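Take a look at the structure below.
The values are calculated or read from the model by the stated rules, or taken from the named source; none is laboratory data. Remember, it's a predicted structure, so these values are computed and weren't measured experimentally. Neighbour counts run over all protein chains shown; Cβ positions are idealised from the backbone, glycine included.
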Amino acid sequence: MARIAGVNIPNNQHLRIALTAIYGIGIPTAKKICLDLNLDGSVKMKDVADSQIDLIRDYISRMTVEGDLRREITMNIKRLIDIGSYRGMRHKRGLPVRGQRTRTNARTRKGPKKSAN
């Protein structure tokens, strides 16, 4: 099991899917990594050579991923709350931030329904 950016990468998945285990890397970014490094994204992670894993590790080390990305996002949200912007207030109250309706739906953001009593 390869370890890249502090994350154990699953062996039984294809390379381009396995890279998405790293926070901040989705399928489009994983495909771009494979393309830039001339790697076959459809090969299983267990069949990738150690030299290729080192190339991937070096490429990803230049990106903002995992803890640094989480910290950056948290600081951005904290900044919005501190300056008192509309988006910051929505974050603070636990409501949808990007203009979605709240009369119905929005249960993911608002949590379970509260009784009317």
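Of everything listed in (1) modelled with pLDDT of 95 or more; (2) within 21 Å of residue 5 (Cβ to Cβ), the single unmet condition for residue 78 is (2). Looking only at the stretch 1-15, residues that are in a strand (DSSP E or B) and surrounded by 14 or more Cβ atoms within 10 Å (Cβ to Cβ) come to 5 in all.
Would you confirm, using the coordinates I've provided, whether residue 18 is in contact with a strand residue (DSSP E or B) (Cβ under 7 Å, 6 or more places away or on another chain), of a type in the set (A, V, I, L, M, F, W, C), in a helix (DSSP H, G or I) and surrounded by 12 or more Cβ atoms within 10 Å (Cβ to Cβ)? Write out each step before concluding.
Details: in contact with a strand residue (DSSP E or B) (Cβ under 7 Å, 6 or more places away or on another chain): yes; of a type in the set (A, V, I, L, M, F, W, C): yes; in a helix (DSSP H, G or I): yes; surrounded by 12 or more Cβ atoms within 10 Å (Cβ to Cβ): yes.
Spelling it out, residue 18 is indeed in contact with a strand residue (DSSP E or B) (Cβ under 7 Å, 6 or more places away or on another chain), of a type in the set (A, V, I, L, M, F, W, C), in a helix (DSSP H, G or I) and surrounded by 12 or more Cβ atoms within 10 Å (Cβ to Cβ).
Across the stretch 40-81, the qualifying residues are those that are in contact (Cβ under 8 Å) with a residue 40 or more places away in the chain and among the β-branched types (Val, Ile, Thr), and the one among them that is surrounded by the most Cβ atoms within 10 Å (Cβ to Cβ) is 56.
Looking at 39, 69, 95, 35, just one residue is assigned to a helix (DSSP H, G or I) and either over 21 Å from the mean Cα position of the chain (by Cα) or under 30 Å from residue 110 (Cβ atoms) (or both), and that residue is 69. May I ask you to verify whether residue 89 is modelled with pLDDT of 95 or more, loosely packed, with under 12 Cβ neighbours inside 10 Å and not aromatic (Phe, Trp, Tyr)? Judged against the criteria, residue 89 is not a match.
In the stretch 98-117, what residues are hydrophobic (A, V, I, L, M, F, W, C) and within 24 Å of residue 80 (Cβ to Cβ)? Give the steps one after another, and end with the answer.
In the first step, residues of the stretch 98-117 are kept if they are hydrophobic (A, V, I, L, M, F, W, C); the result is 106, 116.
Selection gives 106 alone.
A count restricted to the stretch 92-115 and to residues that are surrounded by 11 or more Cβ atoms within 10 Å (Cβ to Cβ) and of a type in the set (Val, Ile, Thr) stands at 2.
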